[in-house]
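Student: Pasting a structure below so you can have a look.
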Amino acid sequence: METLSAATYQAVYLLFTGDPALWTIIGISFSVSLRAIVYATPLALLTAFALAYLRFPGRRLLVSIFNTALSIPAVVVGLTLYILLSKAGPLGEWRLLFTQEAMIMGQFCLCFPLLVAMSHAALQSSDRRAWETALTLGASPLRAFLTLLHENRFGLVGAIVAGFGRIIAEVGSSMMLGGNILNYTRNIPTAIALETSKGSFAEGIALGLVLLVMALVLNILLGQMQGKGEVIQ
Amino acid sequence: MFRFTRILFALILLWATVFAAHAAPLRMATTTSTQNSGLLDLLLPAFQKKSGIEVHVIAVGTGKALKMGRDGDVDVVMVHAESAEKKFVEEGYGVDRIQFMYNDFVLVGPKSDPAGIKGEKSVTDALAAINKQPIKFVSRGDDSGTHKKERSLWAAADIQPAGSWYIEAGQGMGKVLQMASELDAYTLTDRGTWLAYKDKLDMALLNAGDVKLSNPYGIIAVDPKRHADTNYADAKQLIDWIGSQEAQQLIKDYRLHGEPLFIPLLLN
Amino acid sequence: MTSPLPWLSLQQLYFRRDERTILRDISLDFRETELILLTGQNGSGKTTLLRILSGLLKPQQARLVLEGRALSWRRSRPLLRRDICYLHQQPYLFDSSVEENIAYGLRRQRLPRKVIQDKVNQALQLISLQHLAGRNSRELSGGEKQRVAIARAWVLSPRLMLLDEPVASLDKRSRSRTYELMSELQQQGISVIYTSHEPQLGNLRLSRHIHLYQGELSHKPLAQPSTPDQPRESSRAGAGSG
């Protein structure tokens, strides 16, 4: 019988011997999720800024909508996009279903509300004098916005890391929209789901370890950065 | 307020114990395609009525189903992977294996059939025709019974499938059918899943009937000598009943979307 | 001091927030090189008036005449931002070095590196904080922050600086330093409006004293400085004018 420790040992062996199949999956995972977060972040930051700094009708409603959207399950996002992108769906002509682009769309939709909600919380509690000071010193609104982001970088990087954490480990929408195709749309979570269904736990554990190590590294970096920020303040 | 919480707790406890009281049923691992065929929804209630034994079905891939048997996580395994089943018994994990019915695999693809496999007698010739055309083929790619069958058919056709046309999906049969439909690709499927899904797909059944496409089902009890805590007695009772004339007749009469799906092997 | 033509004239300014009139029919002229004290109770609209002048708030109604030309609020806003600099009661310094803070506005003007460095050095000399140039601004004391903020505005050569309660939260020593700096600014031809709870302070040569009461503006007579000549102030003035 394959015990947990034996499977873990084999997993570490697979990782350190540079098993190409394993590392392809890891590469796809990071490539897709990084692209999703890179596309989502600027738009999310602008939205969060508008919600925190501008007064317009419907602002409170929008904040509630984004906070609610946090709890939409990944499979619902996956299903909705699947219906839109399917051959019979309104966007079927794009032929995007079962491509990396479809996965990116899904992950974009998943991390966007989280990015907006967390960045909004950070900017809402931020010091308004930063924005005003930049403007009075002759900064353009865009430059003042960038200054504001820099001043609140600890909270905002925290939001981005949380958003990345949500999508890198997400299985529902990636499985539905990407199709778990070998060497193309098979990422860490869908591969874990597949390996588990095949009963080969070593590969699953190896990939799980990658996610665990990544989460650890990100959190340590974030903690250090925020620790430094606290000392200065 | 306190009283209300107490009552609530009591209710939750009661609810939990009521559901826990149903413990110790017979646990059976089977494949998703078996579950999706709907046959178990007919057989298992009939068995429970007769024996009083409740069967909990865990539907996973063939590989995982056999692994659950190996680890003693289930009491009985119902799969359709002949050589893997034999190995499972030979290695001493299972006993009392019977083959009790079969269905068949079919090749499905775009209605326009660009590879022209319709009417092809030999399934290996059909696969060779698909390989010659710049057209996609979606493979289960999940080490399931269907996947193993497909790999053996490619081997029989002397083709090493690889490249961007050969899409290894790593998902269940229903999902793979949807993908093939979306991508205008061919795929190999069991007839049961095909019948269940065909109305939702933009595809046609294009090739069937070759003896190589037959798909026998086996049921095996987990060897109690290896895992003492398994429910062997009930497992044996289920296997005996599946082989009985009553169950075999039920299998013969079973219809999915008006079409017969399984052919019993033990009917007199 | 004679009264030349005002460079900026504000007329019939009204500001309302949530149905409440904060400022009512304000009219105010600004001439070159003035030091104006603005007093009033909490909530009288002092800060609001300063924020309007700096372009951070938009009044519901106002007539603006800049250099003899009547301008709409929209068109005057960028011009006001160029000529007028507003400092918060507790100035906000960016999370970077003192030097970087002072250079912030200059960088927005895309000046050559050398020019920026020269101006930053002059500003550091003005506030006597050369030794803290590389320090992160968050590590400074309240008085030092105040001076850095004044230097950061000074390098942009504004015509008018608006100081909101510049000494309210400072200790005695920092207060007198800030007053010295304000008279230095005035000598360099920069007008200053500052608000205060204390009616008249230090040895500043006030040009005017204006008072807000329930949103309405009035002029108050100037009191004489108590001790007209203090040695420390005159020495600083001599050093800075060069």
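The values are calculated or read from the model by the stated rules, or taken from the named source; none is laboratory data. Keep in mind it's a predicted model, so treat the numbers as computed, not measured. Cβ placement follows ideal geometry from the backbone for every residue including glycine, while neighbour counts extend to all protein chains displayed. Ligands, DNA and RNA are excluded from the accessible area calculation, which covers all protein heavy atoms including side chains. Shrake-Rupley method; radii C 1.70, N 1.55, O 1.52, S 1.80 Å.
Student: With +1 on each Lys and Arg Cβ and -1 on each Asp and Glu Cβ, how big is the dipole of the protein assembly as shown about its Cα centre, in debye rounded to the nearest 20?
Tutor: Rounded to the nearest 20 debye, it is 3420 debye.
Student: Let me ask something additional. Averaged over its residues, how many other protein chain Cβ atoms are within 10 Å of peptide A:192-202's Cβ atoms?
Tutor: 6
Student: Let me ask you something else. Within 10 Å of each Cβ in peptide A:171-177, how many partner chain Cβ atoms are there on average? Round it to a whole number, please.
Tutor: Mean partner shielding for this stretch: 1.
Student: Arrange the residues C:K46, B:K87, B:K121, B:K136 by how much accessible surface each exposes, largest first, with a 1.4 angstrom probe.
Tutor: So the residues, ranked largest to smallest area, are B:K121, B:K87, B:K136, C:K46.
Student: Can you list the lysines whose alpha carbon is less than 25 Å from that of B:K49, not counting same-chain residues fewer than 8 positions off?
Tutor: Hits, sequence-local ones excluded: B:K236, B:K252.
Student: Let me ask something else. Would you kindly find the accessible area of A:H120, with a 1.4 Å probe and non-protein molecules such as ligands, DNA and RNA excluded, rounding to the nearest 10 Å²?
Tutor: Its heavy atoms expose roughly 30 Å² to the probe.
Student: Nearest 20 debye, what's the magnitude of the dipole of the stretch B:104-213 about its Cα centre given +1 on Lys and Arg Cβ and -1 on Asp and Glu Cβ?
Tutor: Around 80 debye, computed over the stretch B:104-213.
Student: What figure, in Å² to the nearest 10, do you get for the accessible area of A:T17 with a 1.4 Å probe and non-protein molecules left out?
Tutor: 80
Student: Kindly provide the trypsin sites (Lys or Arg not before Pro) of the stretch A:35-67 that DSSP labels as loop, not H, G, I, E or B, and whose Cβ sees at most 16 other Cβ atoms within 10 Å.
Tutor: Those that pass, being in a loop and sparsely packed, are A:R55.
Student: Give the accessible area for A:I192 in Å² (nearest 10); use a 1.4 Å probe, count only protein heavy atoms, and leave out ligands, DNA and RNA.
Tutor: Taking all protein chains as shown, A:I192 has close to 40 Å².
Student: For chain A, set up a GNM with springs between Cα atoms under 10 Å and report which of A:L194, A:L79, A:L54 has the largest fluctuation.
Tutor: In the Gaussian network model the winner is A:L54.
Student: Remind me, relative contact order of chain B in percent, using alpha carbon pairs under 8 angstrom and six or more residues apart?
Tutor: Result for chain B is 27 percent.
Student: Before rounding to the nearest 500, sum -39500 (n - 2.57) across all DSSP H runs of length at least 4 in chain A and divide by the residue total; then give [θ] at 222 nm in deg cm²/dmol.
Tutor: Value at 222 nm, helices only: -26000 deg cm²/dmol.
Student: Among the GluC sites (Glu not before Pro) within the stretch B:55-125, which fall in a DSSP loop and have no more than 12 other Cβ atoms within 10 Å of their own Cβ?
Tutor: Answer in residue order: B:E91.
Student: Tilt of helix B:2-20 relative to the longest C-alpha principal axis of chain B, in degrees (0 to 90, nearest 10)?
Tutor: 60
Student: For the stretch B:1-158, what is the per residue volume of the convex hull drawn over the alpha-carbon atoms, in cubic angstrom?
Tutor: 207
Student: Another question about this same structure. How high is the relative contact order of the stretch B:104-213, in percent, with contacts defined as C-alpha pairs under 8 Å that are six or more residues apart?
Tutor: Contact order relative to length: 48 percent.
Student: Calculate the translational D of the protein assembly as shown in whole µm² s⁻¹ from Stokes-Einstein, where the hydrodynamic radius comes from the Kirkwood formula applied to all Cα pairs, the temperature is 37 °C and the viscosity 0.692 mPa s.
Tutor: Calculated translational D: 101 µm²/s.
Student: Taking chain C, how many lysine pairs are there with alpha carbons less than 21 Å apart, if each pair must be eight or more places apart or span two chains?
Tutor: Close lysine pairs found across chain C: 4.
Student: Counting only DSSP beta bridges with both residues in the protein assembly as shown, what percent are antiparallel, rounded to the nearest 5?
Tutor: 60
Student: Carbon-plus-sulfur fraction of the accessible area of chain B, 1.4 Å probe, in percent?
Tutor: Carbon-and-sulfur percentage of accessible area, whole number: 55.
Student: Straight-line reach from B:K136: which lysines have Cα under 28 Å away, leaving out those fewer than 8 places along the same chain?
Tutor: Straight-line reach from B:K136, under 28 Å: A:K87, A:K198, B:K64, B:K111, B:K118, B:K121, B:K148, B:K149, B:K175, B:K198, B:K200, B:K212.
Student: Let me ask something else about it. So the label point goes 7 Å from the Cα of B:A162 along Cα→C-beta, right? Which residues of the stretch A:169-192 then have their backbone N under 17 Å from it?
Tutor: A:182-184
Student: Hey, with R₀ at 30 Å, roughly what FRET efficiency would C:R205 and C:L5 work out to, going by the Cβ-Cβ distance, to 0.05?
Tutor: Approximately 0.90, to the nearest 0.05.
Student: If you rank B:S51, C:S183 by how much accessible surface each has, with a 1.4 Å probe, what is the order from largest down?
Tutor: B:S51, C:S183
Student: Another one. Can you give the extra length, in nm with one decimal, that the chain gains between A:R128 and A:T17 once fully stretched, where that is 0.36 nm per residue apart less the Cα-Cα distance?
Tutor: 34.7 nm is the gain from fully extending A:R128 to A:T17.
Student: Any chance you could check the Cα centroid distance between the stretch C:31-88 and the stretch C:103-180 for me, in angstrom?
Tutor: First find each Cα centre; the distance between them is then 22 Å.
Student: Could you please put B:D96, B:D202 in sequence from largest to smallest accessible area, using a 1.4 Å probe?
Tutor: B:D202, B:D96
Student: Set the Förster distance to 22 Å, then compute FRET efficiency between A:L146 and A:L43 from the Cβ-Cβ distance, nearest 0.05.
Tutor: 0.90
Student: Based on Cα positions only, what radius of gyration and what Dmax would you give for the stretch B:76-169, in angstroms?
Tutor: Rg then Dmax for the stretch B:76-169, in Å: 15.9, 49.
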